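Since the structure comes first, as structure tokens, the remarks are kept for the end.
The values are calculated or read from the model by the stated rules, or taken from the named source; none is laboratory data. On a predicted model such as this, the values are computed, not experimentally measured, just so you know. Positions of Cβ are generated from backbone atoms using ideal geometry, with glycine treated the same way; all protein chains shown enter the neighbour counts. For the accessible areas, the whole protein counts, side chains as well, though only heavy atoms, and no ligand, DNA or RNA atoms are used. Shrake-Rupley method; radii C 1.70, N 1.55, O 1.52, S 1.80 Å.
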Amino acid sequence: MMINNIKNLRLYDLKGSLLKDFVEFEQNNLQAFDLIGKLIAFAENHAVHGNAWHYYIAYFIASNENTFSLACERKQSVGGTLLDFAYDDCRILMEAFNTSPSVLPTMEKSLKPITCFKSTLTKSTLPYAHLIEEFAIRLSNCKTTQTFLDTVVEFYRAYGVGELGLNKAFRVVDENNRAKLLPITCMDDKRLDDLVGYDLQKQKVMQNTKAFLEGKKANNVLLYGDMGTGKSSTIKALINEFYEDGLRVIELYKHQFMHISDLISKIAGRNYKYILYLDDLSFDDFEVEYKYFKAIIDGGLEVKPDNVLIYATSNRRHLIKEHYSDGNDIDPMDELHKSDTKNEKLSLVARFGLSIYYPSPDQQEFLNIVRQLAKRYGVNIDETSLEKKALTWAIRNGMKSGRMAEQFVLSLLH
């Protein structure tokens, strides 16, 4: 069987892959059907509609981080021995791609549906599923090893490789005191234009992010202001807005600041722009994590790489809790020089080169947000009644905000 040649791959790691299972299976129907079951489960979970075997091979190639794929992602010129190895691996992968996974002759009939698989799901949870589908189609049109290799190189250079390159966003988990990045696959698809109001704030954030993606000087950003005004929604919209331009977002919390250096070392050499996203950032005065955070942003010996910025949201302007006593320079019952303490607390905010204020909307702006959202969601109600109900809703809930406006409009859909 030509698929057995897979074991001769030198750059691509088979560990944990379905391809390795196909190579190592024992010659009996029970395990063979088990392997086909794994392929079916993969195709179903990834909402495959078409050739599941081709999709899996394309997924394997796109996901495999190795010396060759990472060099292509960085748009390096690949030649010499590395290119020779890559050519040989692509020859083997092309053979596997064009070989039906007929593990046993008795299974040929049961395998026919694999080539025209129809998942019960309409949409994959992978944010890059459409890229894999297109990649598989391009690979199926390759007639020679060279065109197969060229297609693989083009994919890596255009979209990257592995989880860090292909996924939009990540969360951080602790694994043996080291940072591990897990993809966030369940996300909404809102863009900046979908967020009603705060046009000036969105424009500032977008301009800074564009400069970052274009390799120009850009600032760390603090979005601060009242609850429900769209600070976090703005960051989330950036992910969808600029994903295809190479933006990736990593969400972490203050108890994970010890991992920031580890995170930076993981992403510093990748050909993508990463935003470290700190949501609802604030510190009590007894918490010392902010001192470590200050050094990471600006001030430590380790230089933050050019492909990393920090965007934070907070309901507090100064991030660290302050007291009235902080304003008294001399307090006989407490610290001698209060101004030093105050400067220490304010110095964290100064590390953010761009601070953007998101105030609660006044009544006119609140009603404008309600009207636009009602139109977007198809709410059929006269404007006078809509506004009256919206104001009553805001009074009952104690505030006017973009979040409150959306919650009100959604309540009308019940």
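Of note:
- Within the range 251-267, being under 16 Å from the mean Cα position of the chain (by Cα) and not hydroxyl-bearing (S, T, Y) holds for E251, L252, L263, I264, K266, I267.
- Applying the condition of being of a type in the set (D, E, K, R) and part of a helix (DSSP H, G or I) to the range 368-402 and asking which residue is least open to solvent (accessible area, probe 1.4 Å) yields E387.
- Residue within the range 255-274 that is among the hydrophobic types (A, V, I, L, M, F, W, C), modelled with pLDDT of 90 or more, open to solvent by less than 10 Å² (accessible area, probe 1.4 Å) and touching a helix residue (DSSP H, G or I) at 6+ places or on another chain (Cβ under 9 Å) present: no
- Every residue from the range 153-172 that is among the aromatic types (F, W, Y) and more than 9 Å from S69 (Cβ to Cβ): F155, Y159, F170
- Pick from the range 129-174, criterion among the hydroxyl-bearing types (S, T, Y) and without any contact (Cβ under 8 Å) to a residue 40 or more places away in the chain, ranking: surrounded by the fewest Cβ atoms within 10 Å (Cβ to Cβ): T144
- Subset of the range 371-396 (residues that are under 30 Å from the mean Cα position of the chain (by Cα) and within 27 Å of S314 (Cβ to Cβ)): Q372, L373
- Within the option set L263, L247, L222, being touching a Ser or Thr at 6+ places or on another chain (Cβ under 8 Å), within 29 Å of T67 (Cα to Cα) and not aromatic (F, W, Y) holds for one residue only, L247.
- Among the residues here, D189 qualifies as in a loop (DSSP other than H, G, I, E, B), out of contact with any strand residue (DSSP E or B) (no Cβ under 8 Å at 6 or more places or on another chain), closer than 30 Å to S401 by Cα and not hydrophobic (A, V, I, L, M, F, W, C).
- Listed by first and then second residue, the pairs linking a residue in the range 3-19 that is under 16 Å from L70 (Cβ atoms) to a residue that is polar (S, T, N, Q), with Cβ atoms under 8 Å apart and 6 or more places separating them unless they lie on different chains, are L11/N66; L11/T67; L11/S69; Y12/N64; Y12/N66; D13/N64; D13/N66.
- Inside the range 194-203, residues that are among the charged types (D, E, K, R) and either surrounded by fewer than 18 Cβ atoms within 10 Å (Cβ to Cβ) or touching a His at 6+ places or on another chain (Cβ under 7 Å) (or both) make up a count of 2.
- Residues (open to solvent by less than 10 Å² (accessible area, probe 1.4 Å) and at pLDDT below 90) located in the range 37-46: L39
- All positions within the range 179-193 that are open to solvent by 20 Å² or more (accessible area, probe 1.4 Å), in contact (Cβ under 8 Å) with a residue 24 or more places away in the chain and within 11 Å of E241 (Cα to Cα): D189, K190, R191
- Residue satisfying condition, being in contact (Cβ under 8 Å) with a residue 40 or more places away in the chain, within 22 Å of L181 (Cα to Cα) and not in a helix (DSSP H, G or I), within set I275, I235, I264: I275
- The helices (runs of 4 or more DSSP H) found wholly in the range 49-124 and carrying at least 3 residues that are at pLDDT 90 or above and among the hydroxyl-bearing types (S, T, Y) occupy 52-63.
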